[in-house]
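J.: Sending over a structure as structure tokens; questions will come in a sec.
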Amino acid sequence: MSKYYNVGKIVNTHGVRGEVRVIASTDFPEERFKEGSALFVELETRELLPLTVTSHRLHKNFHLLTFEGYDNVNDVERFKGNMLKISENELTELDEDEYYYHEIIGCDVVSEDDGALLGVIKEILSPGANDVWVVKTPDRKELLLPYIEDVVKDVDIKNKKITVHLMEGLL
């Protein structure tokens, strides 16, 4: 059975011609949302409905997409609030030291000093120059780690373990 990965969330419709407003959760929106791309929308029933992108444009901070066979606002209204996904076979090879979000989320984070467990990565933020990994600590607080060489020392995807150097001011 194929796995599916989130690439964006449909947050609203746009206009009357079947366009939807998407907030991307991928580092490759130009590739994922280009004309002809195969996507799936996850419906409330957990069913995955296949879609083919017919247009993509940027508007403010949103990606505006239309899909083949859905040319009216009434056709896409039911997609609001749902996730857009790609199938596992659409994943592309990444360079060394590049990772998919789904590979990082859920990893244990340990200190390089003493190997102490600091917590588990629960989400990734992309506010600007570098990603920020949000770590849920055992005491339920959040630790924000910038994904930079000075902080992230080793990423072991196979064992779901990330070793970090806690610079002054991070804790």
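Just so it is clear, none of the values below were taken in a lab; they were calculated from the coordinates. For clarity, every value in this text was computed on a predicted model and none was experimentally measured. Virtual Cβ from ideal backbone geometry, glycine too; neighbours counted across all protein chains shown.
J.: For region 4-90, with the dipole built from +1 on Lys and Arg beta-carbon atoms and -1 on Asp and Glu ones, taken about the Cα centre, which of S87, V11, F40 lies farthest toward the positive end?
T.: Working it through, the farthest residue towards the positive pole turns out to be V11.
J.: Separate question: Too long at a 20 Å Cα-Cα cut-off: which of K9/K60; K34/K122; K85/K136; K80/K141; K3/K60?
T.: Values: K9/K60 16 Å; K34/K122 29 Å; K85/K136 25 Å; K80/K141 32 Å; K3/K60 31 Å.
From the list (K9/K60; K34/K122; K85/K136; K80/K141; K3/K60), the Cα-Cα distance tops 20 Å for K34/K122; K85/K136; K80/K141; K3/K60.
J.: Compute the length gained on full extension between D108 and S87: take 0.36 nm times their separation in residues and subtract their Cα-Cα distance, giving the result in nm to one decimal. Numbers along the way, then the final one.
T.: Numbers: separation 21, 0.36 × 21 = 7.56 nm, distance 2.58 nm.
The span from D108 to S87 would gain 5.0 nm if fully extended.
J.: Grab the Cα-Cα distance for V11 and I23, subtract it from 0.36 nm times how many residues apart they are, and report the gain in nm with one decimal.
T.: Numbers: separation 12, 0.36 × 12 = 4.32 nm, distance 0.70 nm.
Gain in length upon complete extension: 3.6 nm.
J.: Provide the packing ranking of 147-157, 87-97, 20-30, i.e. peptides ordered by the mean count of other C-beta atoms within 10 Å per residue, highest first.
T.: On the way: 147-157: 13.6, 87-97: 9.5, 20-30: 18.1.
Put in order of decreasing packing, that is 20-30, 147-157, 87-97.
J.: Go through region 26-88 and name the trypsin sites (Lys or Arg not before Pro) that are in a DSSP coil and have 10 or fewer other Cβ atoms within 10 Å of their Cβ.
T.: Working: sites: R32, K34, R46, R57, K60, R78, K80, K85; in loops: K34, R46, K60, K80.
Answer by residue number: R46, K60.
J.: So, R0 is 35 Å and r is the distance between the beta-carbons of N72 and D95; what FRET efficiency does that work out to, to 0.05?
T.: The value I calculate is 0.25.
J.: Moving to a separate point now. Report the calculated FRET efficiency for T45 and L166 (r = Cβ-Cβ distance, R0 = 45 Å), to the nearest 0.05.
T.: Numbers: r = 44 Å, r/R0 = 0.98.
According to the calculation, E is roughly 0.50.
J.: Taking 0.36 nm per intervening residue step and subtracting the Cα-Cα distance, what contour gain separates E149 from L58 on full extension?
T.: Working: separation 91, 0.36 × 91 = 32.76 nm, distance 3.16 nm.
Length gained, E149 through L58: 29.6 nm.
J.: Relative to the Cα centre, what is the charge dipole magnitude of region 4-90, using +1 at the beta carbon of each Lys and Arg, -1 at the beta carbon of each Asp and Glu, and rounding to the nearest 20 debye?
T.: Details: 11 positive and 14 negative charges, 71 e Å.
With Lys and Arg at +1 and Asp and Glu at -1, about 340 debye.
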